[in-house]
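Remarks on the structure that follows.
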Amino acid sequence: MIQTDQRVLFIAPRFFGYEKEIQYELETAGCKVTWYDDRPSSSALMKAMIRFRPELVTRIINDYFDSIVEQAKIVKYDTVFVIKGEAFPSIKIIALTKVLPNARFLYYTWDSLQNFKNSHEKLQYFDKIYSFDRFDCINNKNIRHLPLFYSRAYEVLVKPDELREMTDIDLLFLGSIHSDRYAVVKRIWISVMAKIANIRLYAHFFYQSKWVFLVQKIFNKQFREIPWHDIKWDSLCIKDTLKLIARSKAIVDIHHPGQTGLTMRTIECLGAKKKLITTNSDVAVYDFYHRENILIIDRFSPIIPEDFIFSPFHSIDEEIYKKYSLREWLAEIFS
């Protein structure tokens, strides 16, 4: 249960509108929420500088977080909730703890901690720490495992069985380009087109910046074979994403090979009660896994049986289903 009337300082990256969904749920529960981006800017240049040359933007970062600390002195927040906080310097976290000595400090990461620098040195300043990747938790007893969530909008997509055949997309992929993701989707498309006549496929490959994509094509061999015309430079809004998922029989999920945590798309498929085809074999250890709903494939040699795509979704226990809602996710973190 989330305590009502608490003042929450919420620091999280802009990420396809999920930060707004979280703020909405907290405010619906009765909290007063102030949200800040976990970076001074979400531009592609700033993201690149923070990741690869943080020393060049140190002053900008410090000034930005100093302003948050000054605001915290005035508001006297009850809770500080940080998601990822890659650019959040340890010294500024310490400053925040000093001006908010009675506040609870809560942390969550939806990237594996091994994928960004200096993450572990920041964790000591938080009262509760969560990761979506269970291996982060196995390797550090102070980190609790908590998978991602689906929002209320995905519950609305669930239809009676007689309406679920009103779809015009058999396999759907929606996602940003990273690692070998594009190549894996193309292997899947080739595999299913060879076996299933008139298979209906839809892919939306997103990349945040043309100039960063150009740099990747020069230095990253996995990007060199990706045609420019296959890439969309604007991410889908939540409304369009929901429409495409509602029209689809099965969703394709290609996880980053460097992490084992379940993607947001995996949990959203659960929320919408849609079939999932995923490269992440770790999904099999979760309580919502059912082989009639979730197909685990090899990213190098994907095999997708026709009957998996076209057979109905197998119902799951309602308590397990509700457990992965955003409401329950926040209730666990704020408990």
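We did not get these values from a lab; they are worked out from the coordinates using the rules stated. The structure displayed is predicted, hence computed values, not measured ones. Every residue, glycine among them, receives a Cβ derived from its backbone with ideal geometry; neighbour counts consider all protein chains shown.
Work out, step by step, the length gained on full extension between ASP307 and ALA197: first 0.36 nm times the residue separation, then minus their alpha carbon distance; give nm to one decimal.
This chain segment gains 38.3 nm when fully extended.
Cut-off under 14 Å on the C-alpha distance; same-chain residues fewer than 8 positions from LYS323 excluded. Which aspartates and glutamates are left, in chain and number order?
GLU155, GLU268, ASP287, GLU332
Can you tell me the FRET efficiency between GLN114 and MET166 if r is taken as the Cβ-Cβ distance and R0 is 41 Å, rounded to the nearest 0.05?
0.45
Mind checking which lysines have their C-alpha under 29 Å from LYS186, skipping anything on the same chain fewer than 8 residues away?
Straight-line reach from LYS186, under 29 Å: LYS47, LYS195, LYS210, LYS217, LYS221, LYS232, LYS239, LYS243, LYS249, LYS273, LYS274, LYS275.
Work out the FRET efficiency for ASP230 and SER281 from their Cβ-Cβ distance, taking R0 = 35 Å, and round it to the nearest 0.05. Present the calculation step by step, with values, prior to reporting the outcome.
Details: r = 27 Å, r/R0 = 0.78.
Once the sixth-power term is evaluated, E becomes 0.80.
What nm value, rounded to one decimal, do you get for the distance between ASN142 and SER67 when each label is placed 7 Å out toward the C-beta?
Those two pseudo-labels are separated by 3.1 nm.
As a check on your grasp of the helix formula, calculate [θ] at 222 nm for the chain: sum -39500 (n - 2.57) over DSSP H runs of n ≥ 4, divide by the residue count, round to the nearest 500.
Estimated from H runs of four or more residues: -11000 deg cm²/dmol.
Leaving out same-chain residues fewer than 8 places away, which lysines sit with a Cα under 25 Å from that of LYS98?
Output for LYS98: LYS32, LYS73, LYS76, LYS84, LYS117, LYS122, LYS128.
Calculate the spin-label point distance for ALA44 paired with PHE300, positioning each point 7 Å from the Cα along the beta-carbon direction, and give it in nanometres.
That separation, rounded to one decimal, is 3.1 nm.
Under Stokes-Einstein, with the Kirkwood radius over Cα pairs standing in for Rh, what whole-number D in µm²/s applies to the chain at 10 °C and 1.306 mPa s?
74 µm²/s
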